[in-house]
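Report on one structure; see the data block that follows.
The values are calculated or read from the model by the stated rules, or taken from the named source; none is laboratory data. Quick caveat: nothing in here was measured; it's all calculated off a predicted structure. No Cβ is skipped: glycine too gets one built from the backbone with ideal geometry, and neighbour counts run over all protein chains shown.
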Amino acid sequence: MDPADIVKFFLILATLTALSFSGLWFIKRRSSFLARTSATNLFSACLLFYAWVFPISYQAIFDRSPPAYKPFDDVHNLGGLFARSQTNVAFHYIQIQLEDDPAWIDLPEEGKYSSLVATGYTKRLPWLLVFIDVAEWRGQKAFAYRQRDEVAKWIAARHQKLNPGAAAVTAVRFLYGWQLFSHHLPPPEGRFRVPPLASLEPENFRVLSQHPLGSVNVEAKL
């Protein structure tokens, strides 16, 4: 969380609260409706409105937090939690390109590339890619690209180590795909598996980023 965003938020919150309190205090001195309301209650009402009621209402109407409330996206998103049923399931794909073959090759879901210990049925590499996506969705596009570039170098080095003497990886690209729920589809059997990329409609996946590579270090760590 960026400290500058936090400072900006509190400055705006304090300014809005002070202005509203001043206005209500001015009205209180001339209105019988607010005559019996204490200054503490007026101030608390203003603070509650700008710290909670306003951002939650904004979130419900525009489906995003107010710009000045960026540090508290997760908190305000709770106001819209489960507001709509989920219509699809999303997953990541990784493809590699070898120096002797320009075609993109799917990185196997089950394999030795993701050496990190799995959490349940899900390997940790997909979770890492989700966290990178979140950073990108929050506007940190350069940071997200750098992180994917590090993962791409690691995958290339891992491929070189697992396949000594094979063609080197010259590029890696990351894709984001999703599958729509439908009552027409038969229920899946066994545990969930990511469907092959080729089984998705073209409009149901997109390339997140592509990373050309030079030489890689076979000892690269992730």
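Here is a yes/no grid of residues against (1) outside any loop (DSSP other than H, G, I, E, B); (2) within 15 Å of the chain's Cα centre (by Cα); (3) surrounded by fewer than 14 Cβ atoms within 10 Å (Cβ to Cβ); (4) modelled with pLDDT of 80 or more:
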| position | (1), (2), (3), (4) |
| --- | --- |
| ALA60 | yes, no, yes, no |
| ILE96 | yes, no, no, yes |
| ALA152 | yes, no, no, yes |
| ILE155 | yes, no, no, yes |
| HIS159 | yes, no, no, yes |
| PRO164 | no, no, yes, yes |
Return the only residue of ALA35, ALA4 being part of a loop (DSSP other than H, G, I, E, B), modelled with pLDDT under 75, loosely packed, with under 12 Cβ neighbours inside 10 Å and not polar (S, T, N, Q). ALA35
Would you confirm whether or not region 71-81 contains a residue that is at pLDDT below 70, within 20 Å of VAL130 (Cβ to Cβ) and part of a loop (DSSP other than H, G, I, E, B)? yes
